[in-house]
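The values are calculated or read from the model by the stated rules, or taken from the named source; none is laboratory data. What you see is a predicted model; the values in this text were computed from it and never measured. FYI the Cβ positions are ideal-geometry reconstructions off the backbone, even for glycines, and counts take in every protein chain you see.
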Amino acid sequence: MIVALAGGVGGAKLADGLAHVLGRDLAVVVNTADDFEHIGLHVSPDIDTVMYTLGGVANAETGWGVAGESWNFLDQLSRLDGPTWFRLGDRDLATHVLRNERLKRGERLTAITGELCRRLGISARVLPMSDDPVRTVVHTAEGPLAFQEYFVGRRCEVPVTGFTFAGIENAQVTKDVQAALSGGETSAVVICPSNPFVSIDPILHVPGMRALLLARDVPIVAVSPIIGGAAVKGPAAKMMRELGLEASSKSVAAHYRGLIEGLMLDHADAPLSPAIESMGMKVRVTDTLMKSATDRRRLAQECLDFAAALARPGASP
Ligand code: FO1
């Protein structure tokens with residue numbers, strides 16, 4: 001059993017590679033701090049990105065939303081002068097309506113996600129990081145912004161000064177995440193190439209999560225989302241610069257220092273290896289860009305091989 005931590009598009013791609021290699025022996029713990037209420041619906045963008053990607057129905061162009069989408073709902077919303085800044089496609093809308101209805105009936109987000117995944121034929125477990133509401137607040141020179149307002153509404157253009165996760169202090173690790181992380185059969189944790197600040201940090205900040213990750217004597221490896229000083233997708237490198245950090249995999253290593261045993265870097269960043277290894281972790285250099293399904297599977301297999309090589313002899317499997 002492998003546990004992966006993932007946020008949006010980059011994370012979902014590696015999770016998909018892992019799911020092809022591992023099938024049922026994979027649990028993906030997903031960020032829910034991007035969730036928000038929109039026109040009366042609960043939207044869970046990262047859960048859906050992972051779910052659609054693993055279900056083979058993701059929109060390949062955007063990385064989020066459903067392939068072959070139509071936009072009749074959005075067109076009519078626009079005609080009625082409703083909010084169209086956050087685009088909900090017709091197929092995608094079915095997910096939000098169903099999820100919303102079941103949440104209103106008091107069901108847990110974890111149970112609803114499990115059911116939706118079953119319907120999409122996904123055998124890996126997709127686990128929300130918590131069933132309790134957590135919302136990323138992006139702090140900027142203009143004041144605090146709700147995550148989707150920053151990400152979609154303002155296209156990540158406003159310089160950031162920091163992040164907080166509203167509600168995190170009351171969020172609990174679910175029994176499902178707890179079981180996945182503390183189960184005797186879990187042999188490694190893979191931190192997917194998602195944004196360290198707004199996709200992985202919310203997961204790590206759920207009270208008790210870090211302790212659970214560190215309690216088991218299994219290797220934790222991360223894949224850097226930065227290649228040659230640029231993020232493959234999204235604002236990670238821009239955020240680093242705005243926070244006064246070097247936009248590089250070195251900052252990713254520094255961010256995860258004390259948590260991970262190994263960091264996978266792209267060939268473009270091979271010269272950073274000695275500096276990163278001096279931070280007390282091993283480095284493996286490979287092609288981390290995932291352009292095809294074959295790339296996803298190859299990178300997934302390399303993560304598993306790296307983790308296996310880092311497992312301490314005699315450590316519990
Ligand atoms: N991202 C956009 O850039 N524009 C959108 O209109 C948009 C709509 C959307 C609808 C459903 C969904 O699940 C995701 C959506 N996203 C959109 C992506 C989302 O904002 C980001 O993927 C994450 O929150 C960051 O990981």
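For the range 83-106, indicate whether the set of residues that are closer than 20 Å to LEU120 by Cβ, modelled with pLDDT under 95 and near the ligand (Cβ under 9 Å from one of its atoms) is non-empty. Outline the logic, then answer.
Residues of the range 83-106 closer than 20 Å to LEU120 by Cβ: 88-103.
Narrowing further to those that are modelled with pLDDT under 95: none.
So far as the range 83-106 goes, no, none of its residues is closer than 20 Å to LEU120 by Cβ, modelled with pLDDT under 95 and near the ligand (Cβ under 9 Å from one of its atoms).
Hey, among GLU142, GLU169, which residue is of a type in the set (D, E, K, R), without any contact (Cβ under 8 Å) to a residue 40 or more places away in the chain and over 22 Å from GLY234 (Cβ atoms)?
Numbers: GLU142 fails: over 22 Å from GLY234 (Cβ atoms).
One residue alone meets the criteria, GLU169.
Consider SER199 carefully, then state whether it is in contact with a Cys (Cβ under 9 Å, 6 or more places away or on another chain) and under 21 Å from GLY10 (Cα atoms). Before you say what the answer is, go through the steps one by one.
Working: in contact with a Cys (Cβ under 9 Å, 6 or more places away or on another chain): yes; under 21 Å from GLY10 (Cα atoms): yes.
Against the criterion (in contact with a Cys (Cβ under 9 Å, 6 or more places away or on another chain) and under 21 Å from GLY10 (Cα atoms)), SER199 qualifies.
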Is it true that GLY56 is of a type in the set (Gly, Ala, Ser), surrounded by fewer than 17 Cβ atoms within 10 Å (Cβ to Cβ), more than 8 Å from the ligand (Cβ to nearest atom) and farther than 14 Å from ASP16 by Cα? no
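Got a sec? Which strands (runs of 3 or more DSSP E) wholly within the range 112-196 have at least 1 residues that are within 16 Å of the ligand (Cβ to nearest atom) and of a type outside the set (A, V, I, L, M, F, W, C)? Break it down into steps so the answer makes sense when it comes.
Values: elements: 125-128, 135-140, 143-146, 160-166, 188-191.
Because the criterion is at least 1 residues that are within 16 Å of the ligand (Cβ to nearest atom) and of a type outside the set (A, V, I, L, M, F, W, C), the strands (runs of 3 or more DSSP E) in the range 112-196 that meet it are 125-128, 135-140.
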Run ALA111 past the list (1) under 18 Å from GLY7 (Cβ atoms); (2) touching an Asp or Glu at 6+ places or on another chain (Cβ under 9 Å); (3) among the aliphatic types (A, V, I, L, M) and report the number of the one that doesn't hold. (1)
Pair list, Cβ under 7 Å, 6 or more apart: the range 85-112 residue more than 26 Å from ASN72 (Cα to Cα) and among the β-branched types (Val, Ile, Thr), other residue part of a loop (DSSP other than H, G, I, E, B) and away from the ligand (no atom under 12 Å from the Cβ): THR110/ASP131; THR110/THR174
Tell me which residues, restricted to the range 98-145, are under 12 Å from SER44 (Cα atoms) and touching a Phe, Trp or Tyr at 6+ places or on another chain (Cβ under 8 Å). VAL134, ARG135
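To keep it simple, each residue is scored yes or no on (1) crowded, with 21+ Cβ neighbours inside 10 Å; (2) within 21 Å of ASP35 (Cα to Cα).
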residue: PRO159; (1), (2): no, no
residue: GLY162; (1), (2): no, yes
residue: ALA171; (1), (2): yes, yes
residue: LEU181; (1), (2): yes, no
residue: THR186; (1), (2): no, no
residue: VAL190; (1), (2): yes, no
residue: ASP201; (1), (2): no, yes
residue: HIS205; (1), (2): no, yes
Taking ASP46, is it part of a helix (DSSP H, G or I), buried (at least 19 other Cβ atoms within 10 Å of the Cβ) and in contact with a helix residue (DSSP H, G or I) (Cβ under 8 Å, 6 or more places away or on another chain)? yes
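Could you please let me know if VAL66 is at pLDDT 95 or above and within 14 Å of ARG125 (Cα to Cα)? Give the derivation first.
On the way: at pLDDT 95 or above: yes; within 14 Å of ARG125 (Cα to Cα): no.
No, not satisfied.
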Among the strands (runs of 3 or more DSSP E) lying completely within the range 204-298, list those that include at least 1 residues that are touching a residue at least 12 places away in the same chain (Cβ under 8 Å) and over 24 Å from SER187 (Cβ atoms). 262-266
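Just a yes or no: is a residue in the range 48-71 within 21 Å of PRO193 (Cα to Cα) and in contact with a Phe, Trp or Tyr (Cβ under 6 Å, 6 or more places away or on another chain)?
Filtering the range 48-71 for residues within 21 Å of PRO193 (Cα to Cα) gives 48-65.
Retained after the next criterion (residues that are in contact with a Phe, Trp or Tyr (Cβ under 6 Å, 6 or more places away or on another chain)): 49, 58.
Checked against the condition, which is being within 21 Å of PRO193 (Cα to Cα) and in contact with a Phe, Trp or Tyr (Cβ under 6 Å, 6 or more places away or on another chain), the range 48-71 yields at least one hit.
Could you tell me which of the residues LEU272, LEU310, LEU265 is touching a strand residue (DSSP E or B) at 6+ places or on another chain (Cβ under 7 Å) and over 20 Å from PRO219 (Cα atoms)?
Working: LEU310 fails: over 20 Å from PRO219 (Cα atoms); LEU265 fails: over 20 Å from PRO219 (Cα atoms).
Result of the check over LEU272, LEU310, LEU265: LEU272.
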Just for the range 211-227: of the residues that are touching a strand residue (DSSP E or B) at 6+ places or on another chain (Cβ under 7 Å) and under 15 Å from LEU272 (Cα atoms), which one is surrounded by the most Cβ atoms within 10 Å (Cβ to Cβ)? VAL223
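Which members of the range 197-217 meet the condition of being at pLDDT 95 or above and more than 12 Å from the ligand (Cβ to nearest atom)? Full working, then the answer.
The initial filter retains those residues of the range 197-217 that are at pLDDT 95 or above, namely 197-213.
Answer for the range 197-217, where residues must be at pLDDT 95 or above and more than 12 Å from the ligand (Cβ to nearest atom): ASP201, ILE203, LEU204, HIS205, VAL206, PRO207, GLY208, MET209, ARG210, ALA211, LEU212, LEU213.
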